[in-house]
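To keep things clear, I will list the structure first and then write my remarks on it.
The values are calculated or read from the model by the stated rules, or taken from the named source; none is laboratory data. Note that this is a predicted model, so its numbers are computed, not measured. Here the Cβ positions follow ideal geometry from the backbone for every residue, glycine too, while neighbour counts run over all protein chains shown. Heads up: the accessible areas ignore ligands, DNA and RNA and are worked out on the full protein's heavy atoms, side chains in. Shrake-Rupley method; radii C 1.70, N 1.55, O 1.52, S 1.80 Å.
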Amino acid sequence: MCRIGSIKSRTPVHPSVALNLMLPQQEGHDNSGFAMVMQDLDGVFSEYKDKPLLSLACTPRGVQLVNDYMEEKGFVQVAQWVPEMDKRDGLKIEAMPCYVFRNYEYPQNYLQRSRKEREDLLLDTRLALRALLEEGNNGFVYSFWPDVLTLKEIGDPADIAAYFRLWNDDGRLTARNIVTQCRQNTNYDIVRYAAHPFFLQGYTLCANGENTFFTKNKEFQKSLHRGYIGFESDSQNFLYTLHYVLHELQWPIKYYKHVITPLPFVEAERRDDRKVLSLIRESLAHLEINGPNSIIGLLPDGRMITCCDSKKLRPVVVGGDDSMVAVASEVCGLNAILPDRDPAGDIYPNEREMVVIDNDLAVRRWNQ
């Protein structure tokens, strides 16, 4: 069984492909949850790719609270996908009463606003809805963004998939990019917000491992951006740093690796760009991570990335063919969905490497 994985496909694929990546064997699992983020949607969402899509799980009271808030703010619902749940006995899932996946039109006074103003509106709306639902324990809001759907639930991943009928490809729910994780049982209570992947303003990330610099990262990140909240998992640090480096600072993607896993001082001093690396380390030292960790990310432009930290004790492998590239924490996942690929082309990134998968499925490797 894979813990984290992602798929990038030329043509839209069904979540069952991602499930087979994560769960090559569908029996005998002892896990505690499943979550996925789908980007570049097709199927029932193909005509609404520019309309923000709200993904949440809540109580009936939560639905009413959301309806009232969205109406008050001027959002107009234009589409909705309602999962047809399989509620047979025996499925191990702690299901919420209601699941909402709705496309909205922007409020009238935002139709001509700039991209940044719209992005800020969507972020502030999600944060407001989260606070509204948390007040009475009425639900969870995971994302509110065009062309992005997020599903998270507690239980056995195979049973969660059965509950939402994700094993059955009826063409209604498909996407070109899917990032997912199956969580293992832990010795603490499972919180839905803690389930990977995490999403923020077009950026998706999941991680496998642990971050002993969690507290240092968290306290610094809380001062950087209003969207850096929750911190239900230490892996959220990685998402917030990705967002900060690329979205807020607008730096090239290669600097993300230099921020989270800076080179040793002696090695950095021998480089031509040592002054830049020194300034990065001095100014963003509190964003360095300490693992072991492997990371899979999806960017707003559709590019997919993966990298490891210097300890490299959490594996990740990249493989593909002409139609699809997949990233997985275990090679058995690749074998399940890409059995005919050439395994000689598989990539096992080293601790100094970042792998970038472009939208044409070209795979680029960059060494730190």
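A few notes on this one:
- Filtered by the rule that a residue be of a type in the set (D, E, K, R), loosely packed, with under 13 Cβ neighbours inside 10 Å and in a helix (DSSP H, G or I), the stretch 265-280 gives Glu269, Lys275.
- From the options Leu151, Leu133, residue that is over 21 Å from the mean Cα position of the chain (by Cα) and either modelled with pLDDT of 95 or more or surrounded by fewer than 17 Cβ atoms within 10 Å (Cβ to Cβ) (or both): Leu133
- Residue among Val100, Val179 that alone is touching a helix residue (DSSP H, G or I) at 6+ places or on another chain (Cβ under 9 Å), under 30 Å from Val316 (Cα atoms) and either assigned to a strand (DSSP E or B) or open to solvent by less than 50 Å² (accessible area, probe 1.4 Å) (or both): Val179
- Residues of the stretch 229-264 satisfying the condition of being open to solvent by 50 Å² or more (accessible area, probe 1.4 Å), modelled with pLDDT under 95 and of a type in the set (Asp, Glu): Glu232
- Residue, most open to solvent (accessible area, probe 1.4 Å), within the stretch 332-367, restricted to residues that are outside any loop (DSSP other than H, G, I, E, B) and touching an Asp or Glu at 6+ places or on another chain (Cβ under 8 Å): Arg365
- Failed item, numbered, when Arg165 is tested on (1) touching a residue at least 40 places away in the same chain (Cβ under 8 Å); (2) within 29 Å of Ile357 (Cα to Cα): (2)
- In the stretch 1-31, the residues that are small (Gly, Ala, Ser) and either under 23 Å from Arg192 (Cβ atoms) or modelled with pLDDT of 55 or more (or both): Gly5, Ser6, Ser9, Ser16, Ala18
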